[in-house]
Amino acid sequence: MEHAHAHHEHDAHHQHHDSDHGGQGTGHGHGHGKASWAVAAKATLHCLTGCAIGEVLGMVIGTALGWGNVATTILAIVLAFFFGYALTLRGILAAGVDLRTAVRVALAADTLSIAVMELIDNGVIALWPGAMDAHLADALFWIVLAISLALAFVVTTPVNKWLIGRGKGHAVVHRYHR
């Protein structure tokens, strides 16, 4: 209940990378190149949005059902991945891609980014003294959650920059948004 954090990069935000950055090495399927920090930050922020939605929802549901920390954390992580992928799927499906292809693209684009975010986010919460026992009404819960998400963003942005620069991650999504 007191964990479940938000983060993950997924989504329709990727669709903006191609047009916003004119293909400047974001790896839109044209080989590999240098990805800009702005593109990586935008991809990470979108990922973080899906993760945050899933994490907070998981914490609220786990808390409402009286679940313990482990069960609530697992639910929050599962929902973080779900919402992270869902945001990406929304953008890909809107581009007219079939569901099977869209699912494969979302999995390829977001899995590493979401995993890194979840590892950092949940790691901070698990290691922060008192955070696992904080309740939704406690300031500590929200403060640690905000810090954990901010750290997840900082750590995941270079990962996404590296992936995009190699034509992976969110660069895969860009191929379907033109």
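The values are calculated or read from the model by the stated rules, or taken from the named source; none is laboratory data. These numbers come from a predicted model, not from an experiment. All Cβ positions, glycine included, derive from the backbone under ideal geometry; neighbour counts span all protein chains shown. When the accessible area is computed, the model is the full protein with side chains, heavy atoms only, and any ligands, DNA or RNA have been set aside. Shrake-Rupley method; radii C 1.70, N 1.55, O 1.52, S 1.80 Å.
What tally of residues in segment 152-167 results from selecting those that are open to solvent by 30 Å² or more (accessible area, probe 1.4 Å) and either touching a Leu at 6+ places or on another chain (Cβ under 7 Å) or more than 15 Å from L45 (Cα to Cα) (or both)?
Number satisfying all stated conditions: 4.
Are there any pairs with C-beta distances below 6 angstrom linking a residue in segment 102-126 that is under 13 Å from A80 (Cα atoms) and in contact (Cβ under 8 Å) with a residue 60 or more places away in the chain to a residue that is among the polar types (S, T, N, Q) and part of a helix (DSSP H, G or I), with the two at least 6 apart or on different chains, and if so which?
D110/T88; S113/T156; S113/N160; M117/T156; D121/S148
Check off (1) modelled with pLDDT of 95 or more; (2) not in a helix (DSSP H, G or I) for A80 and give me the number that stays unchecked.
All conditions pass for A80, except number (2).
Take segment 62-76 and flag every residue that is open to solvent by less than 50 Å² (accessible area, probe 1.4 Å) and either assigned to a helix (DSSP H, G or I) or within 21 Å of T44 (Cα to Cα) (or both).
Of everything in segment 62-76, those that are open to solvent by less than 50 Å² (accessible area, probe 1.4 Å) and either assigned to a helix (DSSP H, G or I) or within 21 Å of T44 (Cα to Cα) (or both) turn out to be G62, T63, N69, A71, T72, T73, L75, A76.
In the set L93, L149, which member is open to solvent by 60 Å² or more (accessible area, probe 1.4 Å), assigned to a helix (DSSP H, G or I) and not hydroxyl-bearing (S, T, Y)?
L93
Tell me yes or no: at least one residue of segment 102-125 is basic (K, R) and either in contact with a His (Cβ under 9 Å, 6 or more places away or on another chain) or not in a helix (DSSP H, G or I) (or both).
Scanning segment 102-125, I find no residue that is basic (K, R) and either in contact with a His (Cβ under 9 Å, 6 or more places away or on another chain) or not in a helix (DSSP H, G or I) (or both), so the answer is no.
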